[in-house]
Structure formats: structure tokens, C-alpha cells
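As C-alpha cells, the structure follows; a few thoughts come after it.
Every read-out reported here was derived from the displayed coordinates using simple, explicitly stated rules and does not represent laboratory data. Remember, it's a predicted structure, so these values are computed and weren't measured experimentally. Glycine also receives a Cβ, built like all others from the backbone with ideal geometry; neighbour counts cover every protein chain displayed.
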Amino acid sequence: MTQTSASATAEAGSDAAAATQDEISAEIAAIAAEAAGAGETATRLDYPPYRSSLLRHPTKDLHHVDPEGVELWSPVFGEQDVDPLEADLTIQREGDPIGERMTLTGRVLDGEGRPVRHQLVEIWQANSAGRYLHQRDQHPAPVDPAFTGVGRCLTDDDGWYRFVTIKPGPYPWKNHRNAWRPAHIHFSLFGREFTQRLVTQMYFPGDPLFALDPIYQAITDQAARDRLVATYDHDVTTHEWATGYRWDVVLTGSHRTPREGDVE
Ligand SMILES: [Fe+2]
């Protein structure tokens, strides 16, 4: 970042929520036109419409080193470490959580399409009202005492993960005035080695907030953005119980699932 943009950022940071959605959308459109002209596909870590990325993005190139042996082994989780019940976010507390019950399943694959077996998949999310069970989330939407919003499971022999949860709601954030995040579920995955760790967000098809969201739009390549959107799958939907969504994750290779740089 240049000195000039750094001071501009500090200025913007003093009243970060002052920009309107129209102003943010115009910034998004200008960058999208520039990125399309340049054939850009990488996620922009320094993305001005996403205000806090200006100060939080890495300012130096990655320092490439050969990984040491220990970094080439993934963490090992025994069956006793991860209880199968942890994959059902609707049964963690007394009572049923409010909202749309949904099954979310998919495969974790490497760049060659091979299943990534017995690896940890962790998720965290807001409740159906868009509220996190977290001290920092104090916006006026109800906490659901029956819903923690966190779960984890191991992939099976064919790389499948499966969660039962509640569809999260969109929530406001302080990037600009009237800023709302599209509904999403945060994912953390461990691959075969530590260097394959992936932290990202999964979205829902057809969300009207996509075009307005600076975090989603920081990925300038539409094909890459599409890889973060789950598919409604009626074969996963269960009779009188839950709707079903499918989302596959690719850890490596040119079609890998986009990961977070410094996005929230
Ligand atoms: Fe979130």
C-alpha cells in the first residue's frame, strides 16, 4: 500500500460506515470492469469496497520455503476425538432451534479428483435470524438458545462430509451504511497436509445480496465465485424433515475452492 492510500484508509476508517450502498456498488462495478479487462482471476486481498481489507491485507509477497516434514502431515483425528453427533447442529442443546432445517453434504477432493479421506471439516455460522452466538455480535436479532452454530465431522472413505443444521440468515455489518452479508456458512478444512488447510465461506444459490457484498465481490472471477455457492439438491432433501444442499470442496489445483486471505 502506498503512503497516500494508507492515510486515505485511516481517514475512511474513522467513519467507515459513512459510505452508502450505491457508493460501494459503484466502486465494485469499477473494479469489476477493470478486472474483466485485464482477465483477472485472483482474489483481491486489497479490495477498497471491503474497507477493513485496506489495512488488514498482506503487504509483502509470500515467502516461499520448502515445507518441513511435519508440515506435510495433516493432523490425525481418531474416531474417538470427533463424535458423529457433532455433525448435527440441531441437537446440541435442549429444544429445537428455530429456522429451516437443512442437510448439507458434499465431497472433499484434491486437485486430481481423489477423495480426501478422514479429514476434519469444521463449520460455524449465524442462526436463522442472522445472529452469531458471540460476544461481538450485538445487533438486534434474537439469539437462539437451542443453537450454537458450530459443528464438525470427519470425511468418510469417499471424502464425503455431512451436516444437519439450520439455514443461516443474512446479517448486517459495519463496512458501510446498510451493509448486509449474504447468508453463508464458514468452513475450515484440513487436507492431507498442513499446507492444504483451507478456510472459506459457502453461500446459497440465488442470494440477492451477492452483487452488493464486497467480500464475495473481492473474488473478481465469476467462475471462482460460483465454486463457493452450494447447489439445492432434492435428492438430499428428506421427506417432512429437511431441505438438502450439496457443496463440494477442492483443496488444490487450478479449480480449487477459493480460500480466505484476510476476509472475515
Ligand atoms: Fe460470517
Over every pair of different alpha-carbon atoms in the chain, take the mean of 1/r and invert it; report that Kirkwood radius in Å.
19.9 Å
Take every Cα pair under 8 Å in the chain that's 6+ residues apart, average their separations, divide by the length, and report that relative contact order as a whole percent.
25 percent
What is the distance, in nm, between label points placed 7 Å from the Cα along the Cα-to-Cβ direction at Trp73 and at Arg93?
3.9 nm
Please list the non-local residues whose amide H lies under 5 Å from the amide H of Gln201, H modeled 1.01 Å from N, same-chain partners needing a gap of 5 or more.
Phe187
If you place +1 on the Cβ of every Lys and Arg and -1 on the Cβ of every Asp and Glu, how big does the dipole about the Cα centre of the chain come out, in debye to the nearest 20?
380 debye
Amide H contacts of Tyr171 (H built 1.01 Å from N, under 5 Å, at least 5 apart or other chain):
Arg181
Given Cα positions, please report Rg to Rh for segment 165-264, the hydrodynamic radius being the Kirkwood one.
0.98
Would you calculate a helix-derived [θ] at 222 nm for the chain, using -39,500 (n - 2.57) for each DSSP H run of n ≥ 4 and dividing by the full residue count, to the nearest 500?
-4500 deg cm²/dmol
Lys/Arg +1, Asp/Glu -1 at C-beta; the chain dipole; positive extreme among Gly99, Pro67, Ala26
Ala26
Just want the ordering: Lys60, Lys167, Lys174, from fewest to most Cβ atoms lying within 10 Å of their own Cβ.
Lys60, Lys174, Lys167
Residues meeting the amide H criterion for Val108 (H placed from the backbone, H to H distance under 5 Å, 5 or more places apart or on another chain) are Val116, Trp160, Tyr161, Val249
Mean Cα-pair separation over length for segment 117-235, i.e. relative contact order, pairs under 8 Å, 6 or more apart, %
24 percent
Would you kindly work out the equivalent ellipsoid of segment 57-161 from its C-alpha gyration tensor and give its semi-axes, the square roots of five times the eigenvalues, largest first in whole Å?
31, 21, 13
Pick out, from Val150, Thr220, Thr238, the residue whose Cα sits farthest towards the positive end of the charge dipole of the chain, with +1 on the Cβ of Lys and Arg and -1 on the Cβ of Asp and Glu.
Thr220
Length added when fully stretched, Tyr232-Thr148, from 0.36 nm per residue minus Cα-Cα
27.9 nm
Quickly work out the Phe194-to-Leu45 label distance, labels modelled 7 Å from Cα along the C-beta direction, and quote it in nm with one decimal.
1.9 nm
